[in-house]
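Please treat every number below as a calculation from the coordinates, not as lab data. Since the model is a prediction, treat every value here as computed from it, not as a measurement. We place every Cβ from the backbone using ideal geometry, glycine too, and count neighbours over all the protein chains shown.
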Amino acid sequence: MGRLISNMMADNDAELVKKAVHGDTRAFEDLVNRHYTTMFKMAFKWCGNRADAEDITQAACIKLARALASYEHKAAFTTWLYRLVINTAIDMKRAEQRHDHAQAEMEELPGSSNPESALYAREMMAQIGKLPPKEKTALLLVFGEGLSHAEAAYAMEVKESTVSWYIHEARKKLEQFETRQNKERHHG
């Protein structure tokens, strides 16, 4: 049943894309409304704070209007959309770095009632935020969004083996962080 709904939604996305590309503003609006939350969640996972995620999502909507005609229907629309959001986030990060803006602090993660686990989650998200952009993106697409390595590879415009390598490298760095944290807890 879930697969049927997913297929129907994909068919509907394809139809909305075609209409929007041909100038149907209502179809474009419907497409954005349908996927805005997905775009925002991906942006939030990538940058770690609400204000930047909102900016990234707004910029991605503008890019979507300009780039929609380039969607080739080779992968699910949401997979293509992840690429667009991530590229927007990376572009904005580069622009921010060029202008020497200070990094905003991570917001407290919602739904964390246990202060220790909330602190650990914030620390881990901060470490993920420090990963090189490609490693962070691969990790978020596969573990945060549930994409397969092949779908993540398509979204990132790299080979599937490259996604696996990025995730391997990210895991090594996160394990090193966790090992340091455990040593500090036992010795501190």
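Could you go through region 19-36 and let me know if any residue there is more than 21 Å from Ala69 (Cβ to Cβ) and out of contact with any Asp or Glu (no Cβ under 6 Å at 6 or more places or on another chain).
Step one: list which residues in region 19-36 are more than 21 Å from Ala69 (Cβ to Cβ), which gives none.
Within region 19-36, not a single residue is more than 21 Å from Ala69 (Cβ to Cβ) and out of contact with any Asp or Glu (no Cβ under 6 Å at 6 or more places or on another chain).
Within region 148-166, track down each residue that is more than 19 Å from Glu72 (Cα to Cα) and touching a Leu at 6+ places or on another chain (Cβ under 6 Å).
Going residue by residue through region 148-166, those that are more than 19 Å from Glu72 (Cα to Cα) are 148-149, 160-166.
Those that are more than 19 Å from Glu72 (Cα to Cα) and touching a Leu at 6+ places or on another chain (Cβ under 6 Å): none in region 148-166.
Considering region 42-77 alone, what residues qualify as being free of Cβ contacts under 8 Å to residues at least 12 places away in the same chain and either crowded, with 20+ Cβ neighbours inside 10 Å or within 21 Å of Glu96 (Cα to Cα) (or both)?
Here is the first cut: in region 42-77, the ones free of Cβ contacts under 8 Å to residues at least 12 places away in the same chain are 44, 58, 62, 66, 70, 72.
Within region 42-77, Phe44, Gln58, Ile62 meet the criteria.
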